[in-house]
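*Asks:* Next up is a structure, given as C-alpha cells.
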Amino acid sequence: MATHRIDPGISQMLAFTVIRICMLAVLAFVGILVYYIVINGIGHLSIEFLTSPPRQRMTAGGIFPAIVGTVMLISLSMAMALPLGVLSAIYLNEYASENRRVWLINMAINNLAGTPSIVFGLFGLALFVKYAGFGPSLLAASLTLMLVVLPVIIRASEEALISVPPGLREGSLALGATRWQTVQKVVIPAAMPSIITGAILSIGRVAGETAPILLTGAAYFIPRTPDSVFDQFMALPYHLFVLSTAGTDIEQTRGIQYATALVLLLIVLGINLIAVVIRSRYRKKLMW
Amino acid sequence: MNRRTKERIIESTLFVVGLISVAAVTLICLFLFREGIRLFGDFSPLEFLTGTKWYPTSDPAQFGLVPLFAGSIIVTAGAILFAVPLGVASAIYLSEIADIKMRNTLKPIVEILAGIPSVVYGFFGLVVLVPYLQTSFDLPTGQTALAGSIMLGIMALPTIISISDDAIHSVPSFLKEGSLALGATGWQTIYRITVPAAISGISTAVILGIGRAIGETMTVMMVTGNAAVIPKGLLVSVKTMTATIALEMGEVSAGSEHYHALFAIGSVLFIFTLGINLVADYIRTKYRYKYA
C-alpha cells in the first residue's frame, strides 16, 4: 500500500489538499454562475423593465406579464399543494400505524419526488389539458405543478412534525384531549415554523420549473395578464427559455435575457433566504 | 356528534388525503402508458426499443429509441464521472475536515446550487460554457454532450453532497475514535473507516444524482445541440429523451403516431427513474440500522 511507503503525515496533507481543491471548485461554480448573471443582468434591470410588457417582438420592453404569470402559478399550485401536503404528513406522522399503508404511501411519495419534471408535463398534458378538457391553461399548469411540489411539502412537513417532542403530545393526551385536538392545538402550532419554511422552499421550486408548464399552458407571448384560470399565461422561466433559444435577434437581446435570468434568480434565492431566516429565528426561540 | 365518531371521521379523511400521492403515481402510470402504448398499433415495440433511427417526420416515420437513450446515457455518465469525485470530496471536507463555523457557512452556499432553476443553468451553459467549449476545442458548435455533462454534473452536486454529507456525518464517532486511538492519521481514518462505513449512504447519493441527471430537461435541451444520432464521444451534439419530448411535443398534433411515440419515451423514462428510486430505497433501508 502506497500509504505505508509514503509518510502518513505527507499523504494526509496531499489528500486534504485535493479535498480542499474539490470543495473550492464547487464553491467556484456557485460564484461564477451567480457572478455572470448578476454582472450582465444588473445593467438592464429597472422599474420599467419589471412593470412593462415586452415590446417590438420581445426585443425591447419588460417582463411584467411573465412575473404576474409566475406569481399566479405559485399562488394557485401552492393553494392546492399546501393543505394536501400538510394533511398527508399529519396522517403519516400522527395517525398511521399500519406498516403496509405507510410503506405504500412512502413509496409513492419517493416515486413522485424522483419522477422527471418533463414526465409530469406529459402527464399534465394527457390528463388535465386533453382528458379533463381544461386546454392549455393556468389551471392545467397549476395542477401539474401541484403534483411536482407535493412530495417536497410532505417531506418537509413530516420533518417538522417529527421534531415536535413526544412529551408535548403525551401531555395533551393525558389531559383528556383527543388525538385530533392534540394535533390541532399542540402539534401543529409547535411545528408551524418548520412547516412554513418547507412551504416557502417549495415556492422556489414552483417558480423555477419550466418543463411541466411547457406542455400544459405556458405561452410564447401574451401581452396581457390572464383573466381566468382557463387562459394561457406567460411565466418567467419559460420566457427566459424562449428569449434565449427562439427569440428574434437572440444575440442582440442578450441583455434582456440576462436581466430575466437575474430576476428569476433573485426571486428564487430571495425565497430561499426568507426560509432560512425564518428557520434560524424560530430555532433560537424554540429550544425544547 | 360523539367524540369517538368524530375522531374516526377525521382519521379516515386524513387517510384519504394521504392516498393522494398513491393516486397521483397510479394516474401517471395509467395516462403515460395509455398514450404510449397506442404507438404499438402499427409500430412494433421491438423496433421502438432497438431502432437506431429517430426520424419522426419522414415517411414512413422511424421511431428508434436507441440514439435518444444513448444521448441520455452519455450525458449522464459524463456528469456523474466528474460530479461524484467532486461531490464526495466536498462532503468529506464538510463533515470531517471543516470546523463547525466553516461547515455552517459553506452548506448554505452549496444549497444555492440546488435552488437555481434548471432554465438558468441552461441559459448560463448556453451563453458562457458553449462558446467557451467551441473555441477551446475548436468545434463547429459548442452545443455538445460535454456541455450537457458539465452543466448536469454541477446540478447533481448538491444532491450528491448533501446526502453523502448526511451519511458521513452519521458514522458513529466511536468508530473514528477507535481508529485514531490506534494511531491512524485523520486521512487514514477517513478512507479506511469513515468512508467505508458510510458507503451505503454515498451510493444512495450517487444513484439519486444519476436519477436527477437523467431526468433533467431544460438544461440539456439548451446546451446539447439536439441532434438525434448515436453519439461517438462527448464532443458531438446529442439529443436526450427528455429534450426530445420537450422539443417535439409542441409540433405534433394530438393523437398522431409521433404524439404517442413521445409518450412511449416518457413511459421509458418513468420506468427507468422508478427503477433508480427503488434501488436507492433498497440500499437505504437495507443498511440503515447497521450500526444501531
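Please treat every number below as a calculation from the coordinates, not as lab data. None of these values were measured; they are calculated from a predicted model. Cβ sites come from the backbone with ideal geometry, for glycine too, and all protein chains shown count toward neighbours.
*Asks:* Name the residues whose placed amide hydrogens come within less than 5 Å of the amide hydrogen of A:G61, ignoring near sequence neighbours (fewer than 5 apart) on the same chain.
*Replies:* Close amide H contacts, sequence-distant or interchain: A:R55.
*Asks:* Can you give the local net charge around B:R4? Use residues other than it whose beta-carbon is closer than 12 angstrom to its beta-carbon, Lys and Arg +1, Asp and Glu -1. Please list the in-between numbers first.
*Replies:* Working: positive: A:R179, B:R3, B:K6, B:R8; negative: B:E7, B:E11.
Value of the local net charge: +2.
*Asks:* Expressed in whole Å with the largest first, what are the equivalent ellipsoid semi-axes of the protein assembly as shown derived from the C-alpha gyration tensor as the square root of 5 times each eigenvalue? List each step's numbers first, then the result.
*Replies:* On the way: eigenvalues 267, 216, 129 Å².
Semi-axes from the Cα gyration tensor: 37, 33, 25 Å.
*Asks:* Still on this structure, please answer the following. If I require 18 Å or longer along the helix axis, counting alpha carbons, and a Kyte-Doolittle average no lower than -1.0, what helices from chain A are left? Use full DSSP H segments. Show your work: numbers first, answer last.
*Replies:* Values: long enough: A:8-41 (49 Å, 1.83); A:64-90 (38 Å, 1.99); A:99-114 (22 Å, 0.12); A:138-162 (35 Å, 1.86); A:188-208 (30 Å, 1.35); A:254-285 (46 Å, 0.93).
Once both thresholds are applied, what remains is A:8-41, A:64-90, A:99-114, A:138-162, A:188-208, A:254-285.
*Asks:* Within the set of other residues whose C-beta is less than 14 Å from the C-beta of A:M146, count the net charge using Lys and Arg as +1 and Asp and Glu as -1. Could you put the intermediate results ahead of the total?
*Replies:* Numbers: positive: A:R205; negative: A:E209.
My count for the surroundings of A:M146 gives 0.
*Asks:* Just need the relative contact order of chain A here, percent rounded to a whole number, with Cα pairs under 8 Å and 6+ apart. Please list the in-between numbers first.
*Replies:* Working: 359 pairs, mean separation 77.8, N = 288.
It rounds to 27 percent for chain A.
*Asks:* When only alpha-carbon atoms count, how far does the stretch A:192-248 stretch along each of its three principal axes, as whole angstroms with the largest first?
*Replies:* In descending order, the Cα extents are 46, 27, 18 Å.
*Asks:* Oh, and also: As a footprinting exposure proxy, order A:T182, A:T245, A:T115 by other Cβ within 10 Å, with the fewest listed first.
*Replies:* Values: A:T182 19, A:T245 16, A:T115 25.
Arranged by neighbour count, lowest to highest, A:T182, A:T245, A:T115 become A:T245, A:T182, A:T115.
*Asks:* Moving on to the next point. Give me A:Y36, A:Y238 ranked fewest to most by other Cβ atoms within 10 Å of their Cβ, as a rough exposure proxy. All intermediate terms of the calculation are to be shown ahead of the outcome.
*Replies:* Details: A:Y36 16, A:Y238 25.
Placing the least packed residue first, the sequence is A:Y36, A:Y238.
*Asks:* Using a 10 Å Cβ count of at most 14 others and DSSP loop calls, identify the longest part of chain B lacking such trypsin sites (Lys or Arg not before Pro).
*Replies:* B:1-231
*Asks:* If you keep only loop residues by DSSP, which trypsin sites (Lys or Arg not before Pro) in the stretch A:1-82 have at most 14 other Cβ atoms within 10 Å of their Cβ? Intermediate results must be reported in sequence, preceding the final value.
*Replies:* On the way: sites: A:R5, A:R20, A:R55, A:R57; in loops: A:R57.
Sparse-neighbourhood loop trypsin sites (Lys or Arg not before Pro): A:R57.
*Asks:* Would you please give the residues with an amide H less than 5 Å from that of B:W54, counting only those at least 5 places away or on a separate chain, with H modeled from the backbone geometry?
*Replies:* For B:W54, the qualifying residues are B:G64.
*Asks:* Next question, about the same structure. Please report the net charge: other residues with Cβ closer than 13 Å to the Cβ of B:Y191, K and R +1, D and E -1.
*Replies:* Values: positive: B:K176, B:R192; negative: B:E96.
Summing Lys and Arg as +1 and Asp and Glu as -1 gives +1.
*Asks:* At 7 Å along Cα-to-Cβ for each site, give me the label-to-label distance between B:E47 and A:T51 in nm.
*Replies:* 6.0 nm
*Asks:* Now, a different point. I'd like the FRET efficiency for B:D138 and B:Y55, computed as 1/(1 + (r/R0)^6) with the beta carbon distance as r and R0 of 45 Å, rounded to 0.05. Mind dumping the intermediate values first?
*Replies:* Working: r = 30 Å, r/R0 = 0.67.
Between B:D138 and B:Y55 the formula returns 0.90.
*Asks:* Using only the alpha carbon atoms of the stretch B:54-287, find the Kirkwood hydrodynamic radius as the inverse mean reciprocal pair distance, in angstroms to one decimal.
*Replies:* Kirkwood radius, the stretch B:54-287: 19.3 Å.
*Asks:* What does the helix-only formula give at 222 nm for chain B: each DSSP H stretch with n ≥ 4 adding -39500 (n - 2.57), the total divided by the residues, and the result rounded to the nearest 500 deg cm²/dmol? Intermediate results must be reported in sequence, preceding the final value.
*Replies:* On the way: 14 runs with 198 residues, N = 292.
Mean residue ellipticity, 222 nm, calculated: -22000 deg cm²/dmol.
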